[in-house]
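First up is the structure itself, then whatever we jot down about it.
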There are 2 protein chains.
Amino acid sequence: MADTSTRTVERALLLLGAVCDRGRVSLAEAARDAELSASTALRLLRTLEATGFVRKDDAGYRPGMRVVQLGAQALSHESLVSLAEDALERLVGKTGESTYLNVPSHDGHGIYLAVKEGTHSVRHTSWVGRSIPLDGSAAGQVLAGRTPGAGYVIVRNGIEPDVTAIAAPVMTGDRVTAALSVVVPSYRISESQAKTIGMLVAAEAAGILNPAPMSTGDTA
Amino acid sequence: MADTSTRTVERALLLLGAVCDRGRVSLAEAARDAELSASTALRLLRTLEATGFVRKDDAGYRPGMRVVQLGAQALSHESLVSLAEDALERLVGKTGESTYLNVPSHDGHGIYLAVKEGTHSVRHTSWVGRSIPLDGSAAGQVLAGRTPGAGYVIVRNGIEPDVTAIAAPVMTGDRVTAALSVVVPSYRISESQAKTIGMLVAAEAAGILNPAPMSTGDTA
DNA sequence: AATTAGCGTTTCAATAAGTGAAATACAGAT
DNA sequence: ATCTGTATTTCACTTATTGAAACGCTAATT
């Protein structure tokens, strides 16, 4: 078990994660986050800096261009979107309603990263990349980490009148990466139907980054 | 200065870059790309895998969720979009036309990641996140790496009739990260005007990830 | 069928490389 | 003037990384 890991690299990546999580950290904070001595953290952060994965300014360390670049590449290529599309497809199949994948964008907004339109002739419509305010939307609450114990959020007639949005978090570890949501014309859905869909969405959302158990194990 | 780096980490990040660059690599390819011995590459890739930065399937290694996650975070926070917005602003200022930042999306499409509308009352209009086919569009050619020596691409009446698109690549090293484009109603622009704008766009695009020398230095 | 070529993987001894406590310097708060 | 927290450097210790070599495997090649 121990020989599969490379401690130095693990630590560096941990540090990178800490920097990206917080957006901006001081050396001491990062070191505490990653449980490293200041000197080690400093050395590793410098390596990350030299490779463009973090940038340093007066206030501390911040995510670097390389992260953005690789992230954009990966995000584009497939990954999240393609993984989510399966889930979106299934949700449309089961509900007939329009389904969306949202990620946080800048400044209190999120964007629709993937869209799968519903099959009802009266349905909610949006487009990939549309920006929505996080405040007051179901997806927004989810992305803000304010998902109640049930695992999903229902917002009736929030930002958009006449529609009910049901969203659940796509998690990576304990971070919310994206929100999966179903948006339904309010007149068509009862409270209990909404809850049923909520559980559906939550289940699909949970499966996106934690793929269902497969036979291919990491037996090593 | 050289001792500020941590070789193991550098190598791991190099490997990560190789994986993300190609989208999917075999161990041997990655090892060659990073100029590492197979055994070292394997060990490092396993660490990256264990931390979620790469995933492994039958076909090889691919970018992992962590990359997507951190990338999305960083990308949202600011970085590419906010950096590009300066350039977009300047282009609108100089041309009066709508300007866009495009990144490759999945399956032969790209999306508008940032938009700055022109000031003319008759102007091209689109929205953030709109998906466009890469094939036949100026941005598409740029994103596909098919930018001619001039450094920009002009497409007249391509996907959308009546409009002329002028795009240039946003590079990171030798990779195309995004495309910066200006879209103009064709009737308003001559061939030579298009070329002038082309050079403008190319210059702005070049500056986005290779910021121009500024007075605000990182004096360290 | 036998052979070659390439890949993924494991092993292991050599040593290169990372480690962290301690010391230094600095800045702000008490 | 003292204290607390930070960023940084140094250095002896030794752990953890390294890469050649060997292995088993699959897919072309002869």
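The values are calculated or read from the model by the stated rules, or taken from the named source; none is laboratory data. Keep in mind it's a predicted model, so treat the numbers as computed, not measured. Glycine gets a Cβ as well: all are built from the backbone with ideal geometry, and neighbour counts include every protein chain shown.
Please determine whether any residue of the stretch B:11-24 is near DNA strand C (Cβ under 8 Å from one of its atoms) and aliphatic (A, V, I, L, M).
Within the stretch B:11-24, not a single residue is near DNA strand C (Cβ under 8 Å from one of its atoms) and aliphatic (A, V, I, L, M).
For first residues located in the stretch A:32-51 and of a type outside the set (Asp, Glu), partners that are surrounded by fewer than 19 Cβ atoms within 10 Å (Cβ to Cβ) and modelled with pLDDT under 85 and lie 6+ apart or on another chain with Cβ distances below 6 Å form the pairs A:46/B:4; A:47/B:5; A:50/B:5. The residues on offer are A:42, A:15, and the sole one that is out of contact with any Lys or Arg (no Cβ under 8 Å at 6 or more places or on another chain) and within 22 Å of residue B:64 (Cβ to Cβ) is A:15.
Whether any residue in the stretch A:29-41 is among the β-branched types (Val, Ile, Thr), assigned by TED's automatic domain parsing to the domain that holds residue A:7 and over 25 Å from the mean Cα position of the chain (by Cα) is what I want to check. First the steps, then the outcome.
Looking only at the stretch A:29-41, we keep the residues that are among the β-branched types (Val, Ile, Thr), and these are A:40.
Going one step further and asking which of them are assigned by TED's automatic domain parsing to the domain that holds residue A:7, we end up with A:40.
Add one more test, that the residue is over 25 Å from the mean Cα position of the chain (by Cα), and what stays is A:40.
Scanning the stretch A:29-41, I find at least one residue that is among the β-branched types (Val, Ile, Thr), assigned by TED's automatic domain parsing to the domain that holds residue A:7 and over 25 Å from the mean Cα position of the chain (by Cα), so the answer is yes.
The criterion of at least 2 residues that are under 15 Å from the mean Cα position of the chain (by Cα) and not hydroxyl-bearing (Ser, Thr, Tyr) is met, among strands (runs of 3 or more DSSP E) falling completely within the stretch B:120-192, by B:163-172, B:175-185.
Taken together, the residues in the stretch A:19-55 that are more than 7 Å from chain B (Cβ to nearest Cβ), surrounded by fewer than 22 Cβ atoms within 10 Å (Cβ to Cβ) and either of a type in the set (Val, Ile, Thr) or part of a helix (DSSP H, G or I) (or both) amount to 13.
From the list B:34, B:18, which one is within 14 Å of DNA strand D (Cβ to nearest atom) and of a type in the set (A, V, I, L, M)?
Working: B:18 fails: within 14 Å of DNA strand D (Cβ to nearest atom).
Exactly one residue qualifies, and that residue is B:34.
Okay, residues lined up against (1) crowded, with 17+ Cβ neighbours inside 10 Å; (2) at pLDDT 95 or above; (3) within 14 Å of chain B (Cβ to nearest Cβ):
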site	(1), (2), (3)
A:150	no, no, no
A:154	yes, yes, no
A:167	yes, yes, no
A:170	yes, no, yes
A:174	no, no, yes
A:179	yes, no, yes
A:191	no, no, no
A:206	yes, no, yes
A:215	no, no, yes
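Against the conditions (1) in contact with a helix residue (DSSP H, G or I) (Cβ under 7 Å, 6 or more places away or on another chain); (2) surrounded by fewer than 16 Cβ atoms within 10 Å (Cβ to Cβ); (3) not acidic (Asp, Glu), residue A:163 satisfies every one except (2).
For residue A:13, the requirement of being within 13 Å of DNA strand D (Cβ to nearest atom), more than 7 Å from chain B (Cβ to nearest Cβ), outside any strand (DSSP E or B) and at pLDDT 85 or above is not met.
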